[in-house]
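The values are calculated or read from the model by the stated rules, or taken from the named source; none is laboratory data. What you see is a predicted model; the values in this text were computed from it and never measured. For neighbour counting, all protein chains shown are included, and Cβ atoms are generated from backbone atoms with ideal geometry for every residue, glycine included. The area values use the complete protein model at the heavy-atom level, side chains included, leaving out ligands, DNA and RNA. Shrake-Rupley method; radii C 1.70, N 1.55, O 1.52, S 1.80 Å.
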Amino acid sequence: MSLLVVVLFLLSAAYLVAVLEDRLTNGRWRWLGPAWAGVALLGRESTLPRKPDRLFFETAPLLLLVAAVLAAAVLPLAPGLVIADLATGALFVNAALAYVLVALLMAGWGPDGAYALVGGWRFLGQVVAYSMLIVMPITAVAMRAESLLTTDIVVSQEALWNLVYQPLGFVLFFIASLAVCFLPPFDLPTAPGELAGGVAAEYSGARLAVWRLARLVLVVALAAATTVFYLGGWLGPLLPPWLWSVVKILAVSAAMLLGGHYLPRIREAQLLAWCWKLGIPLALLNIFVVGVLVLIWT
Amino acid sequence: MIHGARQGEWNVVRRVAAMAMARDLCAIVVPGTEVARARGLDLAAAGLRITASPRHANVLLLVDDLPAALLDAAVVLYAQMMRPRLILALGGDGLPGLNADVAAAVSQPSLDAAVVQLRSALAQGAFHPAAQDFHAAALLARIEYTCPMHPEIVRTAPGDCPKCGMTLVARETQGGEAPTPEPFPPSENDPPAPNAAHVHDDETGHAHAGHGGIDHSGSQHDASKHDASKHDDSKHDDSKHSDSKHSDSKHDGSQHGGMDHGGMDHGDMDFMSMVDVTKDLPRSSDDLPMDWIDVPFGPVFPGLPGGLSLTLTLDGDTVAGVQAQSLVGVTTRLSMTDIEPHHLVDGFERLDPLAPVAYRFLACRALEAASGHRPAEDILRGRVAALERERIASHLGWLAMLGCQSGFAWLERRAAHLQRACLQADFHALMSLQSALLALLRRLNRTPLLRARLTAIGTVGAAPELRGPVARASGMALDARNGDAAYQALAFAATGRAGGDAFDRLQVRVDEIRHSLTLIQSAGDLQQPLPCQAEAVSGAGQAAVETPRGEARLQLTLEQGRVTGALLQTPSTHHLSLLGTLLAQQELGDALSTVCSLDLSPWEIML
């Protein structure tokens, strides 16, 4: 039951994210736009490149989708509304996101094309940059909750959301989650103006439809993670808990899309330099500060 | 029926899919969106979404009557698009051998009407039981055999190298003497195979030749059993790379670089020693041996000017070699001798779609210089205003291209919108746009990451051949407007920066938009340059005009009212030749930023 509800939620939230993305690129609200685009993709040809690594090429979009759904599987939408309330939930999110890298590398290698290949390896560099900034803020969140259970993490924010309790961690996690979803300004692997679509350039028809869906679900999954870790999950007055989750997740998704709209793409070398020289010290500082706060208040 | 229909009988599902496709028109633009913008077209308002990859497009949009080399590139793009696909030609006929599905004039109302026609054509003709394959001369390829160690050995049949005895490896080249043999038989269009996915050999045989992307040696299907062939074409070493290898035998003057490299073959990974595999590979500056691949960026590529054929040899993601040329240069399109003066002026107006007023102005001034005619003061002032309006529009078009290149979506949309508003604006309309323009420029200065992205990228040292904003960003006060009486009357003073990097070029263009607004404000009403009467006049003269990209010079000789000699110098010609040194050893993204920051116009390049 939870499975069905969560999957339906992911799909409909992904649809709304697609509507917003369409609005940002074309300047108009077209509520049926993504639906038509999806059906149109299914009606178009979907060819293989000439010398593909067939296994990698075919698997990559599905793997991306699976990774995104797995990450969302441990994130509760309401008390009891979670696919799997794992004892290691917070770590599991990170483990599932590791497969995003695998999917992108496969999509880069699979079609045997230069744009895709460069895009795939660029994402490897991007992972090296952002991965610590996913794990270390989650560590601080788990320290406060004294648990890796995602439901415990939500409950731990009853008095004060982590957004306020550890704002530094929130900022780092939010930026890193943009990088996970390769959204602008971190769209290095797809970079329309540099790689003409990069890892996605060779996908067409139904395969492209799966790829785009997977990416949207990934955005929603990361927004859900941000909501659970920093925005108090389902907590909130008046409205039913699930609605609070939905509202927060959609708001975070919108923020993730909007930010990159007003920024140029970051350079790969600078991304690595800033993440390691600035991001990781800040993340350590965040762990230290949260540690002190936890000691004082308990 | 549309030419690019997908094969298949109609059924309910396909009716729905066709309806959906008619609502979801994704276009790839030839020569490029910058030309569409400069012609005042708003593609998004007409309902076309612009895609970066031809694989994601279902409309090939041809803007203007295009030169043959660019049409060949468009043919390759068309072949890479997924069926059902359509051709929309604005101001042209379509592709060689294939008429456009919808043809219209280059104007926004006719574009809007054409899109409506496209939608109904697609809704009614997306599928057809007897859809045919697409064949064109530009898609033909030839297999030839060459020695990995001796690139000068080229044979038409497999065998051993006469010099070293190594087995010759196959590679694919452009050229149509013989249609492609065995490896790529023309396939049926979407046959009802049990597995829906299949390879369209006719298309993917040339995948991305024009647009870039694929660099397989297709011939490795049969040749890859030899270890040597794994690195066949990518086994450049520096000396080979610089001389004959690229210049003559392989690219053969065509724009389709990069499709003959087998560097990334990942079949048959038999065990082989790393040392053996890498010993002949080229060495980068960091001494890491890697496969080098040639990747085409253009002649049609998002974020770069259309018509610029740029092929980068990539060593990892570092640029190790550059080949750049224009496919749409001046001499391919315009004859400049023995013509009537007003034909010259009209020809110059069409010379560069990105700067029609400036070149029209140049032709008029050169005619006036040759015939000794001097226009009245207010006409001169009106021309200044028209030229400065074009400078604003052109710089805005460049900002939109920068937005596309750097993924700055807001900038792309906003600058494109303002560019369209400026193009035909009169004095009052321009003055009312002023606050919006200044707001955009202020916004640019406040944008995080923009400075970091462009600073220290593509630094150009001061050199006397530089022109326009590129020169002024490198600390040189070169500006044809300095010596112009009409400009001096308006108290014009050229400005510049000293750093010479991409960010300085951005700053110079931003400052110039401000200055141009001030100049228009004092010059008053705009006036299109009109050719003077030069009947039965003989003489010679030269003129210089500061186009948005820098000073262009024209020397004219008139005999009895006819132009008998013309010599044109344009700013982009030299800037193009800078690319080789500027891009070397840059990361790919930085290299493309550099190319974009030079604001090259392939149309004005003298071949």
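How big is the dipole moment of segment B:330-604 about its Cα centre under a simple scheme where the beta carbon of each Lys and Arg is +1, that of each Asp and Glu is -1, and everything else is neutral? Debye, nearest 20, please. Before the final figure, lay out the partial values.
On the way: 27 positive and 28 negative charges, 191 e Å.
In debye, rounded to 20, segment B:330-604 gives about 920.
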At A:Val292 and A:Arg23, where each label point lies 7 Å from the Cα along Cα→Cβ, what is the point-to-point distance in nanometres? 4.2
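Share of antiparallel DSSP beta bridges in the protein assembly as shown, in percent to the nearest 5? Provide the component values of the computation, followed by the final result.
Values: 47 of 63 bridges.
In the protein assembly as shown, DSSP labels about 75 percent of beta bridges as antiparallel.
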At 7 Å along the Cα-to-beta-carbon direction for both A:Trp276 and A:Leu239, put a label point, then send me their distance in nm to one decimal. 4.2
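Roughly how many debye, to the nearest 20, is the charge dipole of segment A:147-297 about its Cα centre, given +1 on each Lys and Arg Cβ, -1 on each Asp and Glu Cβ, and no other charges? Write down the numbers at each step before the final one.
Numbers: 7 positive and 6 negative charges, 38 e Å.
My answer is approximately 180 debye.
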According to the Cβ-distance criterion of 4.7 Å, cysteines of the protein assembly as shown with no possible disulfide partner are A:Cys181, A:Cys275, B:Cys26, B:Cys164, B:Cys364, B:Cys404, B:Cys422, B:Cys532, B:Cys596
What's the total accessible area buried between chains A and B, using a 1.4 Å probe, rounded to the nearest 100 Å²? 5600
Restricted to Cα positions, what overall size does segment B:303-423 have along the principal axes? Three whole-Å values, descending. 58, 35, 17
Check each of the GluC sites (Glu not before Pro) in segment A:128-209 and keep only those in coil by DSSP with at most 14 other C-beta atoms within 10 angstrom; list them in order. A:Glu146, A:Glu158
What angle, in degrees between 0 and 90 and rounded to the nearest 10, separates the Cα long axis of helix A:54-73 from the longest principal axis of the Cα atoms of chain A? 20
Per-residue ellipticity at 222 nm attributable to helices in chain A (runs of n ≥ 4 DSSP H, -39500 (n - 2.57) apiece, nearest 500 deg cm²/dmol) works out to -23500 deg cm²/dmol
So what's the convex hull volume per residue for the Cα atoms of segment B:3-75, in Å³? 104
What list of whole percents do you get for P(r) of segment B:1-132, with Cα-Cα distances grouped in 10 Å bins up to the one holding the largest distance? 14, 48, 32, 6, 0
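I want to verify the translational diffusion coefficient of the protein assembly as shown in µm²/s; compute it with Stokes-Einstein, Rh as the Kirkwood radius over Cα pairs, at 20 °C and 1.002 mPa s. Present the calculation step by step, with values, prior to reporting the outcome.
Details: Rh = 29.2 Å.
Roughly 73 µm²/s, to the nearest whole number.
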With all protein chains in place and a 1.4 Å probe, B:Arg49 shows an accessible area in Å² (nearest 10) of 60
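Rounded to a whole number, what is D in µm²/s for segment B:330-604 from Stokes-Einstein with the Kirkwood radius over alpha-carbon pairs (20 °C, 1.002 mPa s)? Display every interim value, and only then the final one.
Details: Rh = 19.1 Å.
D = 112 µm²/s.
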Apply the Karplus curve 6.51 cos²θ - 1.76 cosθ + 1.60, θ = phi - 60°, to the phi angles in segment B:547-556 and return the couplings in whole Hz, x for Gly and Pro. 6, x, 9, x, 6, 10, 10, 9, 10, 10
Taking the 0 to 90 degree range and rounding to the nearest ten, how far is the long axis of helix A:167-180 tilted relative to the main principal axis of chain A, both from C-alpha atoms? 20
May I ask for the percentage of alpha-carbon pairs in segment A:2-297 that lie more than 36 Å from each other? 14
Relative contact order, percent, segment B:466-607 [alpha-carbon distance under 8 Å, six or more residues apart]: 22
Kindly express, to the nearest 10 degrees and within the range 0 to 90, the angle between helix A:33-43's C-alpha long axis and the longest C-alpha principal axis of chain A. 40
So, in nm, how far is label B:Asn99 from label B:Leu607 when the simple model puts each one 7 Å beyond its Cα toward the Cβ? 2.9
How much FRET efficiency would the formula 1/(1 + (r/R0)^6) give for A:Ala98 and B:Thr495, where r is the Cβ-Cβ distance and R0 is 56 Å, rounded to 0.05? 0.60
